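For reference, the structure discussed in these notes is given below.
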Amino acid sequence: METISTLRFDPNRRMNRSSQLAAEPNTFVDNLVLYRGLWLPVEVKLNIYTTSNLEDQLEQYMHVDKIEHEGMTFGQDMLWLDRVLVVDTEGLYLYTGGTMHYLLLWDDFKSEQDMLDALDARLDAICAW
């Protein structure tokens, strides 16, 4: 029997997931973003450079068959496959199979609109692969 991996979004979950991310077919992600019509998992960290096992955690989000969110199920045709948006207190990154791509640092922008414009351009470039 084939195991289907499911990524679940649970906004009420408050437990430490580092010990919960064993080789289970179901795992949890911090948030989801709907970007250009497809769901993109988002992982929020205090600091990506001091988080242990971050790559292992992100890899589990990359190869899912579906995402369940608020009673709805989204299959692979509704997902950004092999991509995870990562946010920390310094900036925003996109993880793609072993590579953490720098998108922007929060301190580089004077206005929210400048940040949104830069983010849109950078995400388009990376997600176009």
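Only a single item in (1) open to solvent by 40 Å² or more (accessible area, probe 1.4 Å); (2) over 16 Å from L119 (Cα atoms); (3) more than 14 Å from the chain's Cα centre (by Cα); (4) not polar (S, T, N, Q) is not met by W80, and it is number (3).
Among the residues making up region 93-108, those that are out of contact with any strand residue (DSSP E or B) (no Cβ under 6 Å at 6 or more places or on another chain), open to solvent by less than 60 Å² (accessible area, probe 1.4 Å) and without any contact (Cβ under 8 Å) to a residue 40 or more places away in the chain are T96, G97. Taking region 50-65 on its own, how many of its residues are open to solvent by 60 Å² or more (accessible area, probe 1.4 Å) and among the acidic types (D, E)? Residues flagged as open to solvent by 60 Å² or more (accessible area, probe 1.4 Å) and among the acidic types (D, E) within region 50-65 amount to 2. From the list T27, T3, the one residue that fits, being modelled with pLDDT under 80, over 27 Å from L116 (Cα atoms) and not in a loop (DSSP other than H, G, I, E, B), is T27. Within region 109-126, the set of residues being part of a helix (DSSP H, G or I) and out of contact with any strand residue (DSSP E or B) (no Cβ under 8 Å at 6 or more places or on another chain) comprises E112, Q113, D114, L116, D117, D120, A121, D124, A125. Criterion applied to E68, E90 was being surrounded by fewer than 17 Cβ atoms within 10 Å (Cβ to Cβ), under 17 Å from G37 (Cα atoms), in contact (Cβ under 8 Å) with a residue 24 or more places away in the chain and of a type outside the set (G, A, S), and the one residue passing it is E68. Restricting the first member to region 38-54 and to residues that are acidic (D, E), and the second to residues that are part of a loop (DSSP other than H, G, I, E, B), the beta-carbon pairs closer than 9 Å and six or more apart or on different chains are E43/D30.
The values are calculated or read from the model by the stated rules, or taken from the named source; none is laboratory data. Computed from a predicted model, the values in this text were never measured in an experiment. Counting neighbours? That spans all protein chains shown, and the Cβs are built from the backbone with ideal geometry, glycine included. Note: areas computed on protein heavy atoms with side chains; ligands, DNA, RNA excluded. Shrake-Rupley method; radii C 1.70, N 1.55, O 1.52, S 1.80 Å.
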